[in-house]
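Below is one structure, written out as structure tokens, with a few remarks after it.
The values are calculated or read from the model by the stated rules, or taken from the named source; none is laboratory data. These numbers come from a predicted model, not from an experiment. Here the Cβ is made from the backbone with ideal geometry for all residues, glycine too, and neighbour counts use every protein chain on show. SASA here: full protein model, heavy atoms, side chains in, ligands and nucleic acids out. Shrake-Rupley method; radii C 1.70, N 1.55, O 1.52, S 1.80 Å.
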Amino acid sequence: KDNPEILRTCISSVREKTQLETASGARLSLEIIVVDNGSNDPNREKIEQMAQEFGFFYLYRPMPFNFSTMCNLGVERAKGDFLLFLNDDMEIIQPDWLLKLLEKACLSHAGAVGAKLLYPDSDLIQHAGITNIKAGPVHKLLKHHDEKSYYHGQNRHIYDMIGVTAACLLVERKKFE
């Protein structure tokens with residue numbers, strides 16, 4: 001809502017930086033659905049123009065912010081077997097990010113899979129999974145520098161976590177449903 005320039009950065013990075021060809025030579029199809037809960041008219045027009053430019057479906061539904069409802073509206077429109085939830089303030093920096101998520105989301109024992117997220121223009125970790133502490137669930141390694149390896153490489157390797165943030169989350173549709 002009302003962030004067309006931030007959305008432009010996200011969408012252009014997805015379109016321009018995401019590797020869609022697998023190691024076997026198969027090519028993934030990518031459908032992008034933007035759910036907007038009520039941008040003002042000038043911003044709505046900018047996003048509609050962007051939808052034409054980048055080829056995404058723009059779902060405009062004025063309502064109070066409700067993340068779950070907005071995700072469900074996007075899922076209703078989506079046609080794919082896998083669902084990626086991605087906040088508009090994300091920017092892709094690693095070309096094989098989606099292939100890595102997809103590889104793990106295909107596993108029968110995997111639920112939702114997520115990515116390590118860094119704060120903009122820094123090496124500070126924003127998200128590397130959810131962990132439980134005495135006070136309750138928290139983002140693992142929040143604001144730690146990613147230059148260092150922590151807890152046997154939990155910011156370097158793939159680990160099972162109790163949860164991931166839906167700022168960047170991939171799940172198989174049948175598991176979601």
Between S24, S68, S122, which gets the highest mean-square fluctuation from a Gaussian network model of the chain, Cα cutoff 10 Å? S24
Which of G114, G38, G74 ends up with the largest GNM mean-square fluctuation for the chain, with Cα atoms connected below 10 Å? G38
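Take every DSSP beta bridge whose two residues both sit in segment 26-177, then give the antiparallel share in percent to the nearest 5.
Working: 15 of 19 bridges.
Antiparallel bridges: around 80 percent, rounded to the nearest 5.
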What ranking of R27, R44 comes out by heavy-atom accessible area, probe 1.4 Å, highest first? R27, R44
With no solvent and one equal point scatterer per Cα, compute the Debye intensity ratio I(q)/I(0) for segment 116-177 at 0.15, 0.20, 0.30 Å⁻¹ and report its log10, rounded to two decimals. -0.50, -0.82, -1.35
Rounded, prolate or oblate: which fits segment 10-63 when a ≥ b ≥ c are the square roots of the eigenvalues of the alpha-carbon gyration tensor, with rounded for a/c under 1.5 and prolate only if a/b beats b/c? prolate
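Which trypsin sites (Lys or Arg not before Pro) does segment 46-91 hold that lie in a coil by DSSP with at most 12 other beta carbons within 10 Å?
Working: sites: K46, R77, K79; in loops: K79.
Answer in residue order: K79.
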Student exercise, the chain dipole from Lys, Arg, Asp, Glu Cβ charges, in Debye to nearest 20: 600 debye
Taking all protein chains as present, what is the carbon and sulfur share of the accessible area of segment 88-128, in % to the nearest whole number, probe 1.4 Å? 55 percent
Accessible area per residue of segment 1-116 at 1.4 Å probe, in Å²? 59 Å²
Point-charge dipole on Cβ atoms (K/R +1, D/E -1) for segment 47-101, about Cα centre, debye to 20: 240 debye
For the chain, modelled as a GNM with alpha-carbon contacts under 10 angstrom, which of N37, N66, N87 fluctuates the most? N66
One point scatterer per Cα, no solvent, Debye formula: log10 I(q)/I(0) for segment 1-156 at q = 0.09, 0.18 Å⁻¹ comes out as -0.35, -1.31
